[in-house]
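The values are calculated or read from the model by the stated rules, or taken from the named source; none is laboratory data. Remember, it's a predicted structure, so these values are computed and weren't measured experimentally. Here Cβ is always computed from backbone atoms with ideal geometry, including for glycine, and neighbour counts include all displayed protein chains. Just so you know, the surface numbers come from the protein's heavy atoms only, side chains and all, with ligands and any DNA or RNA stripped out. Shrake-Rupley method; radii C 1.70, N 1.55, O 1.52, S 1.80 Å.
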Amino acid sequence: MNSKRTAALTQQLVYIGPALLFFGITIIIPFVMGMYYSFTDWNGVSGNVEWVGLDNFKQIFTNDSAFAQSFWFTTKFTIVGVLLTNLVGFFLAYFLTKNIRARNWLRTIFFMPNVIGGLLLGFIWQFIFIKGFATVGEATGIPFFNLPWLGDEVTGFWGIIMVFVWQSSGYLMVIYIASITNVSKEVMEAAEIDGANRFQVLKSIIVPLIMPAVTVCLFLAISWSFKMFDLNLSLTKGGPYRSTESLAMNVYNEAFLNNRYGLGTAKSLIFFLVVAIITLIQVRLTKQKEVEA
């Protein structure tokens, strides 16, 4: 009996051992080391690491206006980005599950921006905002195209939002399409026979039945929004005057540009805790609203 258990344990280790080892080397060990460095004043280069305790966290909460500003920007960006990305992704999915000609082509077109890397996508849109919009504005005189895109706090914020939604909504669209197509046709037909209109079917049947997909899409959108870095770097670099600097960029600048690795890892630890708490609350709340057909 013991030999069978040993053989089964050995077999399990053979299958999952390499994955666990790789996970530990790439995720667990760096995370634990980051927690340690958050309590030091290490500059990321020298071998001299001095323990400073909670000094980094005291400085962040009492004497770091840039972190507070980036936190507020990221919070606004997350709220707007999550709402718009999910709304656009859901309604694209809703209309592309109808009997529309060339809907497969449209699905491919809307998903394609997600395939392009964030940095490349940001530089493409930077050219569009600076050169393309200016050219269209001169030709048409439409005020929208003559706005100081990427050169102002307000328009810079909405510029990043536009690109983020354009890139991310196609991915969520695929998840919503898969969920909507699995909604029982008999249930929707019964509702229509009872006199329900399209909006009532959407509100009372489709949305409640796809809540598992909503849970996943909200989770993804929240994590993407909070971790947004590449678009921020390529579009505005946090400017003007750090008014569009995300939390991820603030952590990067602190650790790798200012050579304050200890302070940067302390910020990243706070960042991790905030994202973890928010996503856990979101998953718990949306899970409670899931129903079965």
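Odds and ends about this structure:
- For the chain, the 222 nm mean residue ellipticity estimated from helices alone, with every DSSP H stretch of n ≥ 4 adding -39500 (n - 2.57) and the total spread over all residues, rounds to -22000 deg cm²/dmol.
- Computed over the chain with a Gaussian network model linking Cα atoms closer than 10 Å, the most mobile of Asn86, Asn104, Asn232 is Asn104.
- Under the criterion of Cα pairs below 8 Å and six or more residues apart, the relative contact order for the chain equals 30 percent.
- Loop-located trypsin sites (Lys or Arg not before Pro) in region 36-122 whose Cβ has at most 15 other Cβ within 10 Å (DSSP): Lys98, Arg101
- The heavy atoms of Met35 offer some 80 square angstrom of accessible surface to a 1.4 angstrom probe.
- Residue of Phe256, Phe110, Phe77 that the Gaussian network model of the chain assigns the largest fluctuation, springs spanning Cα pairs under 10 Å: Phe256
- Helical segments meeting 15 Å axial Cα length and Kyte-Doolittle -1.0 threshold in the chain (DSSP H): 2-23, 65-96, 103-115, 153-181, 211-226, 261-288
- Inter-probe distance in nm under a simple model that places probes 7 Å from Cα toward Cβ, at Trp166 and Lys237: 2.1
- Less than 5 angstrom separates the built amide H of Thr40 from those of Val52, all sequence-distant by 5 or more or on a different chain.
- P(r) tail fraction, region 139-223 - alpha-carbon pairs more than 18 Å apart, %: 61
- Placing a label point 7 Å from the Cα of Met112 along the Cα-to-Cβ direction, no residue of region 57-98 has its backbone N under 17 Å from that point.
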